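In what follows, a structure is listed as structure tokens, so that the remarks can point back to it.
The values are calculated or read from the model by the stated rules, or taken from the named source; none is laboratory data. In this text, all values refer to a predicted model and were calculated from it rather than measured experimentally. As a convention, Cβ positions derive from the backbone with ideal geometry for all residues, glycine included, and neighbour counts pool all protein chains shown. Side chains are part of the model used for accessible areas, which takes the heavy atoms of the whole protein and leaves out ligands, DNA and RNA. Shrake-Rupley method; radii C 1.70, N 1.55, O 1.52, S 1.80 Å.
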Amino acid sequence: MMEETSASNNRSSKGKKEDLFHVLHKVPYGDSPYVRAKHAQLVVKDLEGAIVLFWKAINSGDKVDSALKDMAVVMKQLDRSEEAIEAISSFRGLCSKQSQESLDNVLIDLYKKCGKIDEQIELLKRKLKLIYQGEAFNGKPTKTARSHGKKFQVSIKQETSRLLGNLGWAYMQKTNYMMAEVVYRKAQMIDPDCNKAYNLGLCLVKQAKFEEAQFILEAVLKGNLPGSDDNKSRKRAQDLLKELRSMLPPPQLSDLLGLDDEFIKGLERLVNEWGPIRSKRLPIFEEISSFRDQLAC
């Protein structure tokens, strides 16, 4: 009886250790090609071997949605982004409708990595169109997203601002700062943050809209925007503001004295009436001078 209890306890202890292993390494249970691919990716850190196993999972129909997306991410890590783009384009038809949105997000990152800016812009505009047509998030107001192993809720509003931020960045790479400015302003109206504010400020600087840029960058440094407490973001804003101030013209006398425009214009009219300083004296002084000369004689 004691031996049976001991064996039962050992099995229970072993089961708990296995459960802990899967939780810590975020590896699914089983021995399918997809499970082995995730084990190679996350535990053994054999990324090339993981890609081979992900291909086996896709070809055997084993968790194709996850296998294709995860394989593309691993390919990006190995600087095989072009191959990852081709894989998604070729095999996304095997994936469910619900997975298409996450595949698009992976594609956006891959286009960015490869410098395929036109393709990135086209895809971002298509995703934004789905939002205003009410087709994003499968018609729901929020979706569950995952980052660094943690799940969190994302609203349509947040997703729209994120996509607009990516679109603004893409336009900046094309040096189309006018379009980038328009897009970033829209993004800030929907869900403002420090990073997009910095990029908007940079767009304005590129267009020589220095005063507007200064106002936006100062708002970042004053902590008026979400993310303003991030040291890296503040440093970027400080550096750009310092560069910007070197481009600004020196302050006018009216700025220093706090004088209004009408007062300055009045002074200018008065000075113009007086004219420049000349050696010729007023008539009354000429008459006095002539009388003095006569007395001298």
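Fully extended, how many nm does the chain gain between R245 and K125 (0.36 nm per residue separation, minus their Cα-Cα distance)? Display every interim value, and only then the final one.
Values: separation 120, 0.36 × 120 = 43.20 nm, distance 3.51 nm.
Contour length minus Cα-Cα distance gives 39.7 nm.
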Q.
Residues of the range 201-218 with backbone nitrogen within less than 20 Å of a virtual label 7 Å along the Cα-to-Cβ line of T175, please, listed as ranges.
A. 201-210
**Q.** 37 °C / 0.692 mPa s Stokes-Einstein diffusion coefficient of the range 192-251, Kirkwood radius on C-alpha pairs, µm²/s
**A.** 294 µm²/s
Q. What FRET efficiency would be calculated for the residue pair K157, Q77, taking the C-beta separation as r and a Förster radius of 30 Å, to the nearest 0.05?
A. 0.45
**Q.** Amide H contacts under 5 Å for S228, placed H, 5+ residues apart
**A.** C194
**Q.** Hz values of 3J(HN,Hα) by residue in the range 114-124 - Karplus curve (6.51, -1.76, 1.60), Gly and Pro given as x
**A.** 8, x, 8, 5, 4, 5, 5, 4, 4, 5, 4
Q: Would you work out what percent of the accessible area of the range 89-165, with all protein chains in place, is carbon or sulfur (probe 1.4 Å)?
A: 50 percent
Q. Using a 1.4 Å probe, what is the accessible area per residue for the range 115-184, in Å²?
A. 59 Å²
Q) For the range 23-97, what is the accessible area per residue in Å² when the probe is 1.4 Å? A) 53 Å²
Q: Sticking with the crude label model, points 7 Å out along Cα→Cβ, report the distance from D230 to E211 in nm, one decimal please.
A: 3.1 nm
Q: Could you please report the charge total around L221, scoring K, R as +1 and D, E as -1 over all other residues with beta-carbon less than 13 angstrom from its beta-carbon?
A: +2
Q | Å² of accessible area per residue within the range 192-251, as computed with a 1.4 Å probe and no ligands counted | A | 58 Å²
Q: Estimate the FRET efficiency between I117 and L221 by the formula 1/(1 + (r/R0)^6), using the beta-carbon distance for r and 45 Å for R0, to the nearest 0.05.
A: 0.90
Q) For the residue pair D109 and D31, what label-to-label distance in nm results when each label sits 7 Å from Cα along the Cα-to-beta-carbon direction? A) 3.2 nm
